[in-house]
Amino acid sequence: MEDLSLLIDLHQRASRQGPGSEQCSRQAMQMATLSPSSSLKIADIGCGTGATTLLLARELNAQVTAVDFLPEFLTVLETRAESAGLSERITTLACSMDKLPFAEGEYDVIWAEGSIYNMGFSKGVSEWNRFLKPGGLLVVSEITWLGSDRPVEIEQYWREAYPEIATASSKIAVLENCGYCPLGYFVLPQYCWNDNYYKPLQEMFPAFLERNGGSASAQALVAAEEQEIAHYQRFKAYYSYGMYLARK
Ligand SMILES: C[S@@+](CC[C@H](N)C(=O)[O-])C[C@H]1O[C@@H](n2cnc3c(N)ncnc32)[C@H](O)[C@@H]1O
């Protein structure tokens, strides 16, 4: 199996593909004063198997376009939507986030949890701005330094993995420079990483290795995931996802 197929095989069985929680997504909805009283058109970009898409469709009066470049994740999302009776509120779109076919001013809300880093925060918030109606809302989570002091080791790790990691004040400045009025920011708590993402992932490793005959590539993927987890446990005081809310 190719490395991407292995990644898909591992992650498509999870209910979410990155740190987060329904509580935090709800907190963002409340801070943005989103309520079911108005009918909304929402794009959930980099939706994975739809942890947040399903919540948005269930709790708001919304039509949600769920975008991911992996059709395998969207197939799982479609099944979940059907089981939840939400199919009529969700349309899936297999597409890269930097080639979205949306019209100018098409959306009331653009939501992206744990995904904008794939095209880079600055590029993403800048390019997606035109798809929002005037006054439209952007909600994105993004890897963020929790303060200005940190060990050199973690600084080097992130400089290689994602050089755009920065403090919240820098991210907020990017939003301001890209035509948004920042509305709020909060940090995803550690349970969003450990209980909701890493623990369920680790529980899936034995079955994943068995399905893939314990191949060297499957073992390498598990080792890489374990390394990421160990890294987070060592340095979680210094970084997390920040949730950013901003109005166009
Ligand atoms: C860390 S996961 C987060 C998924 C989901 N939002 C969640 O919180 O569970 C990032 C997602 O972005 C998707 N992705 C990565 N690169 C992409 C791209 N260029 N265009 C669209 N989706 C992409 C991945 O397939 C994956 O589902």
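Every read-out reported here was derived from the displayed coordinates using simple, explicitly stated rules and does not represent laboratory data. The shown structure was predicted, so the numbers you read here are calculated from the model rather than taken from an experiment. As a convention, Cβ positions derive from the backbone with ideal geometry for all residues, glycine included, and neighbour counts pool all protein chains shown.
General observations
- Residues of region 173-192 classified as outside any loop (DSSP other than H, G, I, E, B) and either more than 18 Å from the chain's Cα centre (by Cα) or farther than 30 Å from K248 by Cβ (or both), total: 9
- Listed by position, the helices (runs of 4 or more DSSP H) enclosed by region 1-98 that each have at least 2 residues that are touching a strand residue (DSSP E or B) at 6+ places or on another chain (Cβ under 8 Å) and more than 9 Å from the ligand (Cβ to nearest atom) are 22-31, 51-59, 71-83.
- Considering the conditions (1) outside any strand (DSSP E or B); (2) touching a helix residue (DSSP H, G or I) at 6+ places or on another chain (Cβ under 8 Å); (3) acidic (D, E), E142 is excluded by exactly one of them, (1).
- Residue in region 10-17 that is hydrophobic (A, V, I, L, M, F, W, C) and in contact with a Gly (Cβ under 6 Å, 6 or more places away or on another chain) present: no
- Candidate set: region 165-197, residues that are among the hydroxyl-bearing types (S, T, Y) and touching a residue at least 60 places away in the same chain (Cβ under 8 Å); chosen: the one farthest from H231 (Cα to Cα): Y180
- Summed over region 72-116, the residues that are closer than 20 Å to L7 by Cβ, of a type in the set (A, V, I, L, M) and free of Cβ contacts under 8 Å to residues at least 60 places away in the same chain give a count of 4.
- As a summary of the residue check, I45 satisfies the conditions (1) surrounded by fewer than 24 Cβ atoms within 10 Å (Cβ to Cβ); (2) under 16 Å from the mean Cα position of the chain (by Cα) except for the one numbered (1).
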